Amino acid sequence: MTLLDIWVLDAPILRQDTTVLTEVTDEHRRLIDDMFETMYAARGIGLAATQVGRTERICVVDVEKAKYALVNPEIIASEGEQTGEEGCLSIPEIYGDVTRAQHVVVRALDRDGKPIEIDATDLLARCVQHEIDHLHGRLFIDYLSLLKRQAALKKWRKLRGKDKSLTRKIEPRDVAEHHERDEEL
Ligand code: K1U
Ligand code: ZN
């Protein structure tokens, strides 16, 4: 498996819509496996294809042992409201409160191309909504008030300094460390 570079804020691909897959091929399965590997190494709970420079409609999530690869995910029902803090692997060290549905039902294809439906609540619902947003070129900062968004962008520019690179390299994480986190959850 390969650790993929993650594209960061200002990269045009993060604002792109993605392409619906007509079938799930071995190449897509390799991408899914690399996305999981990259997500774990980056200590994320989700990752969307655009974040690794790809335009296929694919995302992965792993929240409290609910692990899914979602191909062509669509929210078919949503209910309630929750407000909570979000981060993004494409905007490291920037956080903000976002209001989202408390509960969503998502229809998708799995890694084998089989139709699935998942019932997601709380953090899983938040994460899935965040990832589906990525697949349509939306970022969590888009939901912040103008003032909060400006403050977040100011902090981002300050953290970046003169660094103009549009990707970040993810360092491998040792497997034991990953299992330790699993046990904490
Ligand atoms: O898509 C991404 O950028 C991944 C992002 C997903 C996400 C985090 C928090 C709320 C909604 C969606 C991350 O995983 S950032 C890492 C992070 O903030 C986090 C990690 C573990 C638990 C909770 C948050
Ligand atoms: Zn994100």
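The values are calculated or read from the model by the stated rules, or taken from the named source; none is laboratory data. Everything quoted here is computed from the prediction, not taken from an experiment. Positions of Cβ are backbone-derived with ideal geometry, glycine not excepted, and every protein chain shown enters the neighbour counts. Just so you know, the surface numbers come from the protein's heavy atoms only, side chains and all, with ligands and any DNA or RNA stripped out. Shrake-Rupley method; radii C 1.70, N 1.55, O 1.52, S 1.80 Å.
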Calculated from DSSP H runs of 4 or more alone, at -39500 (n - 2.57) each and per residue, what is the 222 nm mean residue ellipticity of the chain, nearest 500? -9500 deg cm²/dmol
Figure the gain on full extension for Met1 and Lys169 (residue separation times 0.36 nm, minus the Cα-Cα span) and round it to one decimal in nm. 59.0 nm
GNM on the chain, C-alpha springs below 10 Å: top fluctuator among Ala49, Ala151, Ala108? Ala151
Above 19 angstrom, tally the Cα pairs of the chain and express them as a % of all pairs, no decimals. 58 percent
Here FRET efficiency (C-beta to C-beta, Leu21 to Thr121, R₀ 35 Å, nearest 0.05) is 0.85
What net charge do the residues around Gly84 carry, taking every other residue with its C-beta under 12 Å from that of Gly84, with Lys and Arg at +1 and Asp and Glu at -1? -3
Gain on full stretching of the segment that runs from Lys148 to Asp110 - 0.36 nm per residue minus C-alpha separation: 10.0 nm
For peptides 63-74, 15-26, sequence by mean Cβ density within 10 Å, most packed first: 63-74, 15-26
Using the crude model of +1 on Lys and Arg Cβ and -1 on Asp and Glu Cβ, and no other charge, please compute the dipole size for region 64-185 relative to its Cα centre, in debye to 20. 1080 debye
Give the long-range amide H neighbours of Thr19: residues separated by 5 or more places, or on another chain, with amide H under 5 Å away, using H modelled in the peptide plane at 1.01 Å from N. Glu56, Arg57
Based on DSSP H assignment, which helices of the chain show an axial Cα extent of at least 15 Å together with a mean Kyte-Doolittle hydropathy greater than or equal to -0.5? 122-134
Probe of 1.4 angstrom, ligands and nucleic acids ignored: what's the accessible area per residue over the chain, in square angstrom? 54 Å²
Under the rule rounded for a/c under 1.5, else prolate if a/b exceeds b/c, else oblate, using alpha carbon gyration tensor axes a ≥ b ≥ c, region 50-138 is classed as oblate
Using alpha carbons only, what's the Rg to Rh ratio of region 8-49 with Rh from Kirkwood? 1.01
Just to be sure I follow the rule: in the chain, considering lysines 8 or more places apart or on different chains, how many pairs have Cα atoms under 26 Å apart? 13
Using DSSP, restrict attention to beta bridges with both residues in the chain and report what percent are antiparallel, rounded to the nearest 5. 95 percent
